[in-house]
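Below is one structure, written out as structure tokens, with a few remarks after it.
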Amino acid sequence: MLKTFTADLLQVNIYENRSEMGKAAAADISDAIKRVLAEKEVCNMIFAAAPSQNEVLASIVADNSIDFTRINAFHMDEYIGLPGDATQAFGNFLRRALFDHAPWRSVNYINGNAADIEAECARYTALLTEYPTDI
């Protein structure tokens, strides 16, 4: 870490590069996962899909101390109407960057190609209600 300071109530950490920042963020996430799993059998997590997350996601899947078999994974949002194999689709991004690289308890996707988008939103809402987000 190059520099750390506090602005109002926010702690700011400045790193030499994105790789170091991603490793630090992943370490914080790993610690949070372990805290949840110390209290519960399963951790429910929602992941954002964006290139800004690449280093964080790579560091998470490289962390052998995380018990992925106890994590239900969800993705945050999705485009409507993209082809199922579109590289821009958030679910596809997370599959390539994260979900294909660890033995998750479950991986839950939003179907942006559902025939009834409102029903798909209701289905995903029901999943998030059944598995309240821990992280």
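Before I look further, what does the chain give for accessible area per residue, probe 1.4 Å, in whole square angstrom? List each step's numbers first, then the result.
Details: 8150 Å² over 135 residues.
About 60 Å² of surface per residue is accessible.
Taking a ≥ b ≥ c as the square roots of the eigenvalues of the Cα gyration tensor of the chain, is the shape rounded (a/c under 1.5), prolate (a/b larger than b/c) or oblate?
Numbers: a/c = 1.87, a/b = 1.49, b/c = 1.25.
Prolate is the answer for the chain, as a/c is 1.5 or above and a/b outweighs b/c.
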Under a cut-off of 19 Å between alpha-carbon atoms, report the aspartates and glutamates in cross-link reach of Lys3, not counting same-chain residues fewer than 8 places apart. Glu16, Glu20, Asp28
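Using r as the Cβ-Cβ distance of Arg18 and Ala86, and R0 as 30 Å, what FRET efficiency do you calculate, to the nearest 0.05? Kindly include the intermediate steps, with their values, before the conclusion.
Values: r = 25 Å, r/R0 = 0.84.
Calculated transfer efficiency: 0.75.
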If DNA, RNA and ligands are ignored and the probe is 1.4 Å, what is the ranking of Arg96, Arg123 by accessible area, most exposed first? Arg96, Arg123
Total charge dipole magnitude, the chain, about the Cα centre, Cβ charges on Lys, Arg, Asp, Glu only, Debye to nearest 20: 300
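Going through the stretch 28-135, which GluC sites (Glu not before Pro) have at most 10 other Cβ atoms within 10 Å and a DSSP loop state?
Numbers: sites: Glu39, Glu41, Glu55, Glu78, Glu118, Glu120, Glu130; in loops: Glu41, Glu78.
Here the GluC sites (Glu not before Pro) that fit, given the DSSP loop and packing criteria, are Glu41.
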Just how far, in whole angstrom, is the stretch 1-50 from the stretch 73-135 if you go by their alpha carbon centroids? 22
Applying the gyration tensor rule to the Cα atoms of the stretch 1-77 (axes a ≥ b ≥ c; rounded if a/c under 1.5, else prolate if a/b exceeds b/c, else oblate), the class is prolate
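Kindly point out which whole DSSP H helices in the chain project their C-alpha atoms 18 angstrom or further along the helix axis while averaging a Kyte-Doolittle hydropathy of 0.0 or above. Please report the intermediate quantities before stating the final value.
Details: long enough: 18-39 (32 Å, -0.14); 117-130 (20 Å, 0.16).
The answer, listed by residue number, is 117-130.
The values are calculated or read from the model by the stated rules, or taken from the named source; none is laboratory data. What you see is a predicted model, and the numbers here were worked out from it, not measured in a lab. Note that we place each Cβ from the backbone using ideal geometry, even for glycine, and neighbour counts take in every protein chain shown. The protein model used for the area step is the full one, side chains on, heavy atoms only, and it has no ligands, DNA or RNA in it. Shrake-Rupley method; radii C 1.70, N 1.55, O 1.52, S 1.80 Å.
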